[in-house]
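Notes for the one structure printed next.
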Amino acid sequence: MTTTAIPQVDPTYAGTVRLDEVTVQRFEYPTRGSDADPEQNWADLYLPSGAQGVDTVPLAVLIHGGAWQNQLGADIFDPLARELASRGMAVYNVEYRRVGSGGGWPVTFRDIADALDHVVEVDRRFPQITTDDEVVVGHSAGAQLAVWGGTRHLLEDDEVGAKPAFRPTRVISIAGPLDMVYAATHGDDRIVTAIGGTPSEFPWRYASVDPIQNIDTGTPVVAIHGNRDATVSAENSRRYVEEVTRQGGRAKLVLLEGEDHVSIVSGKSRSYPRVLEIIRYVAAADLQEATA
C-alpha cells in the first residue's frame, strides 16, 4: 500500500488543513525492548478528506484478529479503515507480532500496549485528531486485545502492558473471546497457543489479560457478535456484558442476525453498514450514551 506524508495542523493557532482525499501514512512505533521488528511493529494513520481544524477529527484505533497468529495482518482492516475515514474519522490501524512471526506470550500483548501508547505521539503530531476521547475497536483476537487495552491501568506494575500512557474512553469488541478461560476450557486451543498454556497451567497469565477478569466499570464497552459465529461463541460476549453489568459498569451486547465470525466484518455483509454506524456512534457519543 502506498503511503504519503500527511499535512499537519499548526497547534499554536486555530488553523486548518484541507485534504483532497483519504490519506494514509505509516508509523513504526517504538517497543519497550530493543527487538522491534519494522516489518510488524507499525500502524497506518488514515485521515479523512476535507478541512481539519485543531481537535475536530475523531480517532478510532483498529486491532485486527486472526487467532493471535500470523496468517492474517492489518491489511485485512484496510477497507474498514478507509470506510471510516470516508465518514470523517481518523483511523490508526495497528500491526503487531503474532504467533509464528515472533509473537505469542508476552510479545503480542506487549506490542499492543506499545502501539496504543504511541497514540499519544500521533495525537501530538496531528492536533486535528481529538485527544483524550478515543475508541479502540478490535475483531476476534483483536477484540480481546482491544478490551484488555482499555483496562491496562488496572494492572500491577510488573504485569505486561502496565502503566499505560494511553487510555481509550470506550471500546468496541467484534466477535471477541472476552471470557478467555471459558473459551479455552470449551475447546479454543488458539487461546492456549497464544498464552502458552492452559488456564490451569498459567492462571496468572489469563488473570492478567482476560477481559472478563479485568473489568473497568468506568469504560463503556459495546460487544458486537454474530448469532451464527461457530469460531468464537457469542456466549463469550454475553458472559462479559452480564459481568460488567453485574459490577455496575456500562456494556451492551449487539447480536447480529445471520452473521458468522468472518461475515460480520465483511463489506459484503448486510450488517456491515450497521457495524460502521455503531463505530461512528460510539466514537462520537457522550460517554453516558455510548452503550445506549
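No lab work stands behind these numbers, since they all come straight from the coordinates. These numbers were taken from a predicted model, which means no experiment stands behind them. We place every Cβ from the backbone using ideal geometry, glycine too, and count neighbours over all the protein chains shown.
Observations on the model:
- Inter-label distance for residue 284 and residue 124, nm, one decimal - labels placed 7 Å from Cα along Cα-to-Cβ: 3.1
- Label-to-label distance, nm, for residues given as residue 156 and residue 238 (7 Å Cα→Cβ offset): 3.5
- Relative contact order for region 16-289, counting Cα pairs under 8 Å that sit 6 or more residues apart, in percent: 16
- Electrostatic tally near residue 206: other residues with Cβ closer than 13 Å to its Cβ, Lys and Arg +1, Asp and Glu -1, net -4.
- Those residues of region 34-64 whose amide nitrogen sits under 15 Å from the label point placed on residue 165, 7 Å along Cα→Cβ: 34, 42-43
- Ranked for footprinting exposure by Cβ neighbours inside 10 Å, fewest first, 29, 240 give 29, 240.
- J(HN,Hα) series, region 76-84, from Karplus relation 6.51 cos²θ - 1.76 cosθ + 1.60, nearest Hz, glycine and proline x: 5, 9, 4, x, 5, 4, 5, 4, 5
- Under 5 Å from the amide H of residue 226 lie the amide H atoms of 175, 256, each residue being 5 or more positions distant or on a separate chain, with H modelled from the backbone and absent for Pro and chain starts.
- Longest DSSP-loop-exposure-free segment, trypsin sites (Lys or Arg not before Pro), the chain, at most 15 other Cβ within 10 Å: 88-227
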